[in-house]
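K.L.:
Take a look at this one; I'll ask things after.
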Amino acid sequence: MKIEPYLHFNGRAEEALGFYERALGAKVDMKMRFSESPDPHPDGRLPAGFENKIMHASLLIGEARVMLSDGGAMTGQSLGGFSLSLQYDSESDARHAFDALADGGRITMPIGPTFWSPCFGMVTDRFGVPWMVTVDSTRPA
């Protein structure tokens, strides 16, 4: 069994995909727009102008899969109550990811040494996704 986060971007999923590709070296594994659905959408379920928005996308960040959609705009869902955690082997990789995610976002804990990690920080990116970035001190260097 796996747990894979599914994030709703309320119309900004395409922008988020590009941002995570640049910021984290993520790879878009799959992308489907609402207009590409093999089944028609029930009347009134798709907001006007949403035909070319992302119905479903899959993004690989390292070995982890994160799924995305613009569908949250239809349900009123918003992000909250969680953080995505990135673990790196090197401090330079962790700092690079942290700085990239902080661009246009908000730092909630500056990156630096803690008692559990030589390098840890928390940031909420420009889309409202909270991240924890850490160097795993239990792995051999």
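The values are calculated or read from the model by the stated rules, or taken from the named source; none is laboratory data. Note that the coordinates shown come from a computational prediction; the quantities given were computed from them, not determined experimentally. All Cβ positions, even for glycine, are placed from backbone atoms using ideal geometry, and neighbour counts span all protein chains on display.
K.L.:
Within the set of pairs 6+ apart or on separate chains, which have a first residue in the stretch 113-130 that is on the phi > 0 side of the Ramachandran plot, a second that is part of a loop (DSSP other than H, G, I, E, B), and C-beta atoms under 7 Å apart?
P.N.:
If the second residue must be part of a loop (DSSP other than H, G, I, E, B), the pairs left are Gly128/Leu79.
K.L.:
Inspect all residues belonging to the stretch 37-51 and state whether any of them is modelled with pLDDT of 95 or more, in the same structural domain as Val66 (by TED's automatic domain parsing), touching a helix residue (DSSP H, G or I) at 6+ places or on another chain (Cβ under 9 Å) and under 25 Å from Gly104 (Cβ atoms).
P.N.:
No, that holds for no residue.
K.L.:
Which strands (runs of 3 or more DSSP E) sit wholly inside the stretch 79-134 and have at least 1 residues that are under 12 Å from the mean Cα position of the chain (by Cα)?
P.N.:
Ranges flagged: 84-88, 120-124.
K.L.:
Run down Ser58, Ser37 and say which single residue is more than 30 Å from Asp93 (Cβ to Cβ) and polar (S, T, N, Q).
P.N.:
Sole residue among the options that is more than 30 Å from Asp93 (Cβ to Cβ) and polar (S, T, N, Q): Ser37.
K.L.:
Let me ask something else about it. When you scan the stretch 3-17, do you find a residue that is within 10 Å of Leu68 (Cβ to Cβ), in contact with a helix residue (DSSP H, G or I) (Cβ under 7 Å, 6 or more places away or on another chain) and part of a loop (DSSP other than H, G, I, E, B), even just one?
P.N.:
Yes - at least one qualifying residue is present in the stretch 3-17.
K.L.:
Right, next: For the stretch 8-23, check the following and say yes or no: at least one residue is surrounded by 12 or more Cβ atoms within 10 Å (Cβ to Cβ), out of contact with any Pro (no Cβ under 9 Å at 6 or more places or on another chain) and on the phi > 0 side of the Ramachandran plot.
P.N.:
So far as the stretch 8-23 goes, yes, one or more of its residues are surrounded by 12 or more Cβ atoms within 10 Å (Cβ to Cβ), out of contact with any Pro (no Cβ under 9 Å at 6 or more places or on another chain) and on the phi > 0 side of the Ramachandran plot.
K.L.:
Could you go through the stretch 22-36 and let me know if any residue there is closer than 15 Å to Pro130 by Cα and modelled with pLDDT of 95 or more.
P.N.:
yes
K.L.:
Filter the stretch 97-141 for residues that are small (Gly, Ala, Ser), at pLDDT 95 or above and surrounded by fewer than 15 Cβ atoms within 10 Å (Cβ to Cβ); which is farthest from Ile61 (Cα to Cα)?
P.N.:
Filtering first and then ranking leaves Gly112.
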